[in-house]
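Down below is the structure, laid out as structure tokens.
The values are calculated or read from the model by the stated rules, or taken from the named source; none is laboratory data. Predicted model, so just to flag it, every value in this text is computed and none were measured. Positions of Cβ are generated from backbone atoms using ideal geometry, with glycine treated the same way; all protein chains shown enter the neighbour counts.
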């Protein structure tokens, strides 16, 4: 992350997920896209994403970004599909409750859920849920 405010936004999102998903293990994985077996508890991995080029440049040098922050929801093996949807639904409620992250972003949204089978080892495959948080902000 080039800008300290972008890191502050990511840390605020991590805290939002940790506080709202107390039963799941939430991990901020900076550019580490390897899946880990959730083991005994559900897990949500959050990645840096890339704010990319600004979507808008304003007078005075300010730039507006649309930052996609990938999430990977890995439930325990039991009732995987239902758990993925439950966790995604709880994240959606958290986002709707504070779309500005306490004033850090202009708008926060959550994409629809996609399920994906992911091989963890030669003999084991997990079903994970993939979604992204979209944070729009001006620096």
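Structure summary
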item: First in region 119-139 and under 30 Å from residue 102 (Cα atoms), second anywhere and assigned to a loop (DSSP other than H, G, I, E, B) and modelled with pLDDT under 75, Cβ under 7 Å, 6 or more apart; result: 128/35
item: Where a residue in region 12-41 is on the phi > 0 side of the Ramachandran plot and assigned to a loop (DSSP other than H, G, I, E, B) and its partner, wherever it lies, is surrounded by 15 or more Cβ atoms within 10 Å (Cβ to Cβ) and modelled with pLDDT of 75 or more, with Cβ under 6 Å and at least six apart; result: 31/48
item: Given (1) loosely packed, with under 15 Cβ neighbours inside 10 Å; (2) touching a residue at least 60 places away in the same chain (Cβ under 8 Å), number of the condition residue 61 does not satisfy; result: (2)
item: Residues satisfying the stated conditions in region 44-59, i.e. more than 18 Å from residue 106 (Cα to Cα) and not in a strand (DSSP E or B); result: 48
